[in-house]
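The values are calculated or read from the model by the stated rules, or taken from the named source; none is laboratory data. Just so it is clear, the model here is predicted, and its values are computed rather than measured. Every residue, glycine as well, gets a Cβ built from its backbone with ideal geometry; the counts of neighbours run over all protein chains shown. Ligands, DNA and RNA are excluded from the accessible area calculation, which covers all protein heavy atoms including side chains. Shrake-Rupley method; radii C 1.70, N 1.55, O 1.52, S 1.80 Å.
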Amino acid sequence: MKNEKAVISLYVLFGMLFLLVFVLSMYIGIRNKLQLEEYKNLEIEEIYSKNLDIVENIEFANNNELIPIYNINQFDVIGTGSYLKIGNKIYQCGIGMSYVLKDNIIVDIDEDLKYKKIGFNDYKLYMPTFYIDKLSYQIYYYKDGNYWKCLAYQKFSEDKKDFVKNKTYLQNQFSILGDYNLNGYSQYMMIWNDEEGNLGNIDIQEQIQVKENITSINQIEVFRKNYQNISKKNGEYYLLVNIGNSI
């Protein structure tokens, strides 16, 4: 009888110990979870307070402030009405705003051609609609270790089928051929789209011009060689001149 009571007492003791361990485990788990949530909340508050300081340091520029432009991504936004954060200021880049180039704008042609598209926006530097102080800076295109200047480009449409004329500064038709003295030796590059509308065709050709300065795209041999491959329905082409390995 005493043995049976001893066995029962042991079972009760083990049961109580098991219950105690279970309760302690639950308590520790809940406590750790609460501490973890507390740490997370403190971390979120810290991050939020840091971001709040950043937000408080940012200000909106006045409409009469010059908008500084340092790279092609910022240049592409000019005249779109979108907002740009430059430094600690936010600028709205509308058509009526004034801009100033703070550096040369460099476009990597090979990088853009990976996506079968090049964002030529040179017309913005010449149209009176855009108030851009160029200072001594320009837009240049980089390929094969050399810098190139865009002389002309054109995007055809149903109502625009004639080849671009000299001194044309429009979004889809652009030519500054007459602004450059292209006598002597030059290397020209032509880029145009394929039948699916993707840019990818490139031809580079050397040319010696001895008689007169080039003022028409028809005087550029690489254009004469390839213009018949351009669709006048939805085609586009770009003509560039090599200006050397430094600017």
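Taken over the stretch 65-89, the criterion of being in a strand (DSSP E or B) and either over 17 Å from the mean Cα position of the chain (by Cα) or modelled with pLDDT of 90 or more (or both) is satisfied by 67, 68, 69, 89. For the structure I just gave you, tell me whether residue 156 is in contact with a Lys or Arg (Cβ under 7 Å, 6 or more places away or on another chain) and at negative phi. It is true that residue 156 is in contact with a Lys or Arg (Cβ under 7 Å, 6 or more places away or on another chain) and at negative phi. Against the numbered list (1) out of contact with any Lys or Arg (no Cβ under 9 Å at 6 or more places or on another chain); (2) of a type outside the set (Lys, Arg); (3) under 25 Å from residue 139 (Cα atoms), residue 229 comes up short only at (3). Criterion applied to 99, 123, 141, 147 was being more than 30 Å from residue 203 (Cβ to Cβ) and not in a loop (DSSP other than H, G, I, E, B), and the one residue passing it is 99. Here is a list: 139, 132. Which entry is more than 20 Å from residue 241 (Cβ to Cβ), of a type outside the set (Gly, Ala, Ser) and surrounded by 14 or more Cβ atoms within 10 Å (Cβ to Cβ)? Within the list 139, 132, the selection yields 132. A single entry from 212, 236 fulfils the requirement of being open to solvent by 90 Å² or more (accessible area, probe 1.4 Å), touching a residue at least 12 places away in the same chain (Cβ under 8 Å) and either touching a Phe, Trp or Tyr at 6+ places or on another chain (Cβ under 7 Å) or of a type outside the set (Ser, Thr, Tyr) (or both): 212. Of all the criteria given as (1) at pLDDT below 85; (2) crowded, with 20+ Cβ neighbours inside 10 Å, the one not satisfied by residue 148 is (1). Scanning the stretch 187-207 for residues that are modelled with pLDDT under 85 and either in a helix (DSSP H, G or I) or buried (at least 18 other Cβ atoms within 10 Å of the Cβ) (or both) yields 193, 199.
The sole residue among 105, 95, 139, 90 that is under 30 Å from residue 61 (Cα atoms) and in contact with a Gly (Cβ under 6 Å, 6 or more places away or on another chain) is 95. Would you call residue 225 surrounded by fewer than 17 Cβ atoms within 10 Å (Cβ to Cβ) and touching a residue at least 40 places away in the same chain (Cβ under 8 Å)? In short, no.
Considered as a group, the residues in the stretch 90-122 that are of a type in the set (D, E, K, R) and at pLDDT 85 or above include one that is surrounded by the most Cβ atoms within 10 Å (Cβ to Cβ), and that residue is 122. Just one of the listed residues (160, 134) is over 27 Å from residue 231 (Cβ atoms) and modelled with pLDDT under 90, and it is 134.
If I filter the stretch 94-109 for residues that are in contact (Cβ under 8 Å) with a residue 12 or more places away in the chain, farther than 20 Å from residue 237 by Cβ and in contact with a helix residue (DSSP H, G or I) (Cβ under 6 Å, 6 or more places away or on another chain), do I get at least one hit? Scanning the stretch 94-109, I find at least one residue that is in contact (Cβ under 8 Å) with a residue 12 or more places away in the chain, farther than 20 Å from residue 237 by Cβ and in contact with a helix residue (DSSP H, G or I) (Cβ under 6 Å, 6 or more places away or on another chain), so the answer is yes. If you go through the stretch 72-88 and keep only what is more than 13 Å from residue 119 (Cα to Cα) and either surrounded by fewer than 18 Cβ atoms within 10 Å (Cβ to Cβ) or among the acidic types (Asp, Glu) (or both), you end up with 80, 81, 82, 83, 85, 86, 87, 88.
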